[in-house]
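Visitor: Have a look at this one before I ask anything.
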Amino acid sequence: MEKITCSDQATICSGTDCLVPPSSFNAILGVVLSTVLTVMLAMVMFSMGCTVDASKLWGHIKRPWGISIGFLCQFGIMPFTAFALSLAFGVLPVQAIVIIVMGCCPGGSSSNIICYWLDGDMDLSISMTTCSSILALGMMPLCLFVYTSVWTSSDAIKIPFDSIGITLAALLIPISVGIFVKSRWPRIAKKILKVGSIAGFALIIIIAVVGGVLYQSSWVIAPSLWIIGTIYPFIGFFLGFLLARFVGQPWYRCRTIALETGFQNSQLCSTIVQLSFTPAELEVMFAFPLIYSIFQLAAALFAVGGKSFTMHQLDGAWRP
């Protein structure tokens, strides 16, 4: 009869029954990748800062018409849309909450990278991302109080203000250095921008792939969450563009406001739900921020690809 032995890593053994501690590989890998991606993001935002004209940025802050439209989209349209989608699809309470948390999050830095590739207003994009992150300190608790009271007490949702602060620092410090470099050494800034724009696009894809691999066990969720995660970013892009155009903004600023509306800080959303819910609750809703991230990335890739194809066709048409 073959003798069955326990694993060397087992902590408790009784005959053939062994208790092996859970692997911490994913947790360690998550910390390492998070650190690496944070450093890469800071470098990319430094390169994005090299596109910013300090006088134009200050002009947007002094006359915050575009920022005000973005504020209305970010903390008006997006949370209400999340609330309406949750009611329309009749999702579970915890699933409704994660959808609304995503809608209440400030804009993500990915919008700045895509804005560059779509020839948007970089000064407006960066000022909107920064302002939405600052305003999120007060607007997130208010929006969550208004929209989640149907399903739970807003006190049960823990907002990581330290994470918002880190996000702000990761935006403001490298962008400020980039603005300084552009003002002093504009030729060097152009070279940095070329490298950083490509690295930024690659970084968005890497984050999406890494998130999918690390949390692959969370993909089995209700079809309604898949549908909402698919259409929600597109609704945000469309409504942001529509509102900006309605108030007479030029096309390149409409593109910018649309991106700032649809691109949400999904990493912040993931942090909030991890802090606020039990493992059993996370199983039925944790994949939603990842789904949203993937489809907001898909929309961005489609837009950038469409622009590149159109420019190529126009270039070919004008050649003799």
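Bear in mind that the values in this text are calculations on the coordinates, not laboratory data. The model shown is predicted, which means the values in this text are computed figures rather than measured ones. Positions of Cβ are generated from backbone atoms using ideal geometry, with glycine treated the same way; all protein chains shown enter the neighbour counts.
Visitor: At R0 = 45 Å, how high is the FRET efficiency between Ser183 and Ile206 if r is their beta carbon distance? Nearest 0.05 is fine. Before the final figure, lay out the partial values.
Guide: Working: r = 31 Å, r/R0 = 0.68.
Approximately 0.90, to the nearest 0.05.
Visitor: Once phi is turned into ³J(HN,Hα) by the Karplus curve 6.51 cos²θ - 1.76 cosθ + 1.60 with θ = phi - 60°, what whole-Hz value does each residue of the stretch 102-119 show in order, with x for glycine and proline?
Guide: Listing the rounded values in order: 4, x, 8, 6, x, x, x, 5, 4, 4, 5, 5, 5, 4, 4, 5, 9, 6 Hz.
Visitor: Residue-wise, which Karplus ³J(HN,Hα) couplings in Hz belong to the stretch 56-69, taking 6.51 cos²θ - 1.76 cosθ + 1.60, θ = phi - 60°, and x for glycine or proline?
Guide: Taking θ as phi minus 60°, the curve returns 5, 4, 5, x, 5, 6, 6, 10, x, 5, x, 5, 5, 5 Hz for the stretch 56-69.
Visitor: Determine which residues of the stretch 118-135 fall in the zone a paramagnetic label at Lys190 would reach in this model, i.e. backbone nitrogen under 20 Å from the point 7 Å along Cα→Cβ.
Guide: Under cut-off, by backbone N: 118-123.
Visitor: For Gln264, what residues show an amide H to amide H distance below 5 Å, using hydrogens built from the backbone and excluding near sequence neighbours?
Guide: Result for Gln264 returns Gly108.
Visitor: Gain in length, Phe145 to Ala222, computed as 0.36 nm per residue apart minus the alpha-carbon separation, to one decimal in nm?
Guide: On the way: separation 77, 0.36 × 77 = 27.72 nm, distance 2.55 nm.
Contour length minus the Cα-Cα distance gives 25.2 nm.
Visitor: If you take the beta carbon distance between Lys307 and Leu135 as r and set R0 to 22 Å, what does 1/(1 + (r/R0)^6) give as a FRET efficiency, to the nearest 0.05? Write down the numbers at each step before the final one.
Guide: Details: r = 30 Å, r/R0 = 1.36.
That gives a FRET efficiency of 0.15.
Visitor: I need the calculated FRET efficiency for the pair Asp53 and Ala199, taking r as the beta carbon distance and R₀ as 22 Å, to the nearest 0.05.
Guide: Efficiency computed from Cβ-Cβ geometry: 0.50.
Visitor: Further, regarding this structure: Once you place label points 7 Å from the Cα toward the Cβ at Thr230 and Leu92, how far apart are they in nm?
Guide: According to this spin-label approximation, the distance is 2.1 nm.
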